[in-house]
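See structure below.
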Amino acid sequence: MSDILLALEGVNTFYGPVQAHFDLNLTVGRGQIVSLLGGNASGKSTTMKIILGLVKPASGIVRFDGQPLNGLTTPQIVRRGVGSVPEARRLFGDMSVRENLLMGAFARKDRPAVAQDLDRVLTQFPKLAERLHQRAGTLSGGEQQMVAMARALMGRPKLICMDEPTMGLSPLWVDRVLELIAAINKDGTTVFMVEQNASLALEIAHHAYVLQTGRIVLDGPASELRADPRIRDAYLGGQEAA
Ligand SMILES: Nc1ncnc2c1ncn2[C@@H]1O[C@H](COP(=O)(O)OP(=O)(O)OP(=O)(O)O)[C@@H](O)[C@H]1O
Ligand SMILES: [Mg+2]
């Protein structure tokens, strides 16, 4: 079994005439948390959409667990073991928490195990057990993020892709969500996450890539990037100076 769970190899992506990725190459190691950093419109969400099959690259390969995902539909990709926590959570607001969680298992045929997994994620996220029958749209932002993460886990993914999981949350919830991501990873799920807040992302990530207008301009172990002056200038200290 290869140590690499996900690889993007030479990916070029276009929206009409606009090129969103230029020869993108990156890998996500099995068992790791890998963070994709970058400013607005740098192509981060598009990277997630490419992996999930929501956007098709013009060229290049997306390899997952040794197999190319190119040409597969999103449900097929989910069935291979890719879970997603999309931007802005995308819950079914009129459905209950329970119904939202069960939607995360839509691709699975092993119904008895799905019931067990519902119990398991409710143990992992005890706050959701109290709110199982509440309409998801009436939850707080942090609670909705928990539902989105728990819903992704209901698919028993090998990899979870998260697009800005801390966006719009209060500092307390930001810490809580990052702790949960670290815990999910400790339990064996590989995590690939987009985050605008570089200092927070680098606290929990093993490795990080920096995207700038569709190109990877920097990557390395999170511990090294935390001390890298280019990261500090662009994303840590630089924001205050700007
Ligand atoms: N559906 C679309 N049609 C046309 N252009 C698009 C579409 N989606 C994204 N783009 C363009 O592709 C580029 C990358 O967008 P993307 O959403 O991937 O960036 P991002 O890094 O996630 O940005 P943000 O930090 O604002 O979320 C942008 O220039 C954007 O305008
Ligand atoms: Mg985005």
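Coordinate-derived values only; no laboratory data. These numbers come from a predicted model, not from an experiment. Here the Cβ is made from the backbone with ideal geometry for all residues, glycine too, and neighbour counts use every protein chain on show.
Below, the figures for the structure above:
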quantity: Selected from Met95, Gln145, Phe14, residue furthest toward positive end of dipole (the chain; charges at beta carbon); calculated: Met95
quantity: Cα centroid of segment 105-138 to Cα centroid of segment 1-31, whole Å; calculated: 32
quantity: Student exercise, the chain dipole from Lys, Arg, Asp, Glu Cβ charges, in Debye to nearest 20; calculated: 800
quantity: Point-to-point label distance, Met1-Met103, nm (Cα→Cβ direction, 7 Å offset); calculated: 3.1
quantity: 18 Å Cα cut-off, lysine pairs counted over the chain (separation 8 or more, or different chains); calculated: 4
quantity: CD proxy at 222 nm, helix term only [per DSSP H run n ≥ 4: -39500 (n - 2.57); per residue of the chain; nearest 500]; calculated: -10000 deg cm²/dmol
quantity: Descending principal axes extents, the chain, alpha-carbon based, whole Å; calculated: 46, 41, 36
quantity: Cα-only Debye scattering, segment 88-156: base-10 log of I(q)/I(0) at q = 0.14 Å⁻¹; calculated: -0.34
quantity: Spin-label pair Glu203/Arg79, simplified geometry with 7 Å Cα→Cβ offset, distance in nm; calculated: 4.0
quantity: C-alpha center-to-center spacing [segment 139-190, segment 33-55] in angstrom; calculated: 17
quantity: Interchain or long-range residues, amide H under 5 Å from Ile216's placed H; calculated: Asn25
quantity: Whether segment 111-200 is rounded, prolate or oblate, judged on the alpha carbon gyration tensor where a/c under 1.5 counts as rounded; calculated: oblate
quantity: Karplus (6.51, -1.76, 1.60) ³J(HN,Hα), θ = phi - 60°, over segment 225-232, in Hz, Gly and Pro reported as x; calculated: 5, 4, 9, 6, x, 5, 6, 4
quantity: Full-stretch length increase - Arg215, Lys127 - with 0.36 nm per residue and alpha-carbon distance subtracted; calculated: 27.7 nm
quantity: Theoretical gain in end-to-end length, Ala182 to Arg30 [0.36 nm per residue, Cα-Cα removed]; calculated: 53.3 nm
quantity: Relative contact order for the chain, counting Cα pairs under 8 Å that sit 6 or more residues apart, in percent; calculated: 26
